[in-house]
Amino acid sequence: MQIELFEGDITRFAADAIVNAANTSLLDGGGVDGAIHRAAGPELLAECRTLHGCATGQAKRTGAYRLPARYVIHTPGPIWHGGHQNEAALLQSCYTQCLRLADDSGCRSIAFPSISTGVYRFPLDLAAPIAIQTLAAFSGVCLQKATMVCFDAVTYAAYQQAVQALDDAHEA
Ligand code: ADP
């Protein structure tokens, strides 16, 4: 699948599906979750209340309301506990489950924030290659483009390095 990197605010990014790095309650989050709820409007929280939460590494879909998207796909990333509590596999599962759900929903494009690297403290240099490799390995029926929307320059640089490492591995 085609992968793009973009530095900016995911609430302003136009894509068929926007991913939310949520918590397992799907309610009351900060960070990107808070920004998505503020931009989408109160109808998003009302719909989230009907979903009764989501397990870490899984994904659930809602409407996008005032966001420039058709759907929001909510996925609770793993909290970093040092790396021995299945964090890497759970993070990979977040990306895979979001991609599958978007593809099953007929989406052609999807935008992700950097899942788990904020409040959940997953190290960026470990998270970025997991994200990029999972996106690169996915082949969907409808889904053609995935964009990593990086909120700051440090995050953008980490994902750029992960893309470069994947390109180098393909050339070798
Ligand atoms: P988590 O709890 O999964 O760590 P956070 O929201 O704390 O989620 O952080 C995940 C990433 O989202 C961080 O890189 C943070 O800088 C970024 N982020 C915060 N607000 C936005 C936004 N409006 N658009 C894109 N990324 C954002």
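L126 - would you say it is of a type in the set (A, V, I, L, M), within 16 Å of the ligand (Cβ to nearest atom) and not in a loop (DSSP other than H, G, I, E, B)? When the stated conditions are applied, L126 passes them. Just wondering, is there one or more residues in region 135-149 that are of a type in the set (A, V, I, L, M, F, W, C), free of Cβ contacts under 8 Å to residues at least 12 places away in the same chain and within 16 Å of the ligand (Cβ to nearest atom)? No, that holds for no residue. Taking (1) in contact with an Asp or Glu (Cβ under 8 Å, 6 or more places away or on another chain); (2) within 15 Å of the ligand (Cβ to nearest atom); (3) more than 18 Å from C98 (Cβ to Cβ) in turn, P78 satisfies each apart from (3). In region 81-93, the condition of being more than 16 Å from the ligand (Cβ to nearest atom), open to solvent by less than 40 Å² (accessible area, probe 1.4 Å), out of contact with any Asp or Glu (no Cβ under 6 Å at 6 or more places or on another chain) and in a loop (DSSP other than H, G, I, E, B) is met by no residue. If you go through region 16-34 and keep only what is near the ligand (Cβ under 10 Å from one of its atoms), open to solvent by 30 Å² or more (accessible area, probe 1.4 Å) and more than 11 Å from the chain's Cα centre (by Cα), you end up with N23, G30, G31.
Among the residues in region 96-114, are any of a type in the set (S, T, N, Q), farther than 19 Å from M1 by Cβ, touching a residue at least 60 places away in the same chain (Cβ under 8 Å) and near the ligand (Cβ under 10 Å from one of its atoms)? Taking every residue of region 96-114 in turn, none turns out to be of a type in the set (S, T, N, Q), farther than 19 Å from M1 by Cβ, touching a residue at least 60 places away in the same chain (Cβ under 8 Å) and near the ligand (Cβ under 10 Å from one of its atoms). Could you list, in sequence order, the residues of region 35-51 that are in contact (Cβ under 8 Å) with a residue 12 or more places away in the chain, part of a loop (DSSP other than H, G, I, E, B) and either over 24 Å from P78 (Cβ atoms) or open to solvent by 60 Å² or more (accessible area, probe 1.4 Å) (or both)? Selection gives G41 alone.
The values are calculated or read from the model by the stated rules, or taken from the named source; none is laboratory data. Just so it is clear, the structure is predicted and the values come from calculations on it, not from any experiment. Quick reminder, even Gly has a Cβ in these numbers, built from the backbone with ideal geometry, and neighbours come from all protein chains shown. For accessibility, only protein heavy atoms count, side chains too; no ligands or nucleic acids. Shrake-Rupley method; radii C 1.70, N 1.55, O 1.52, S 1.80 Å.
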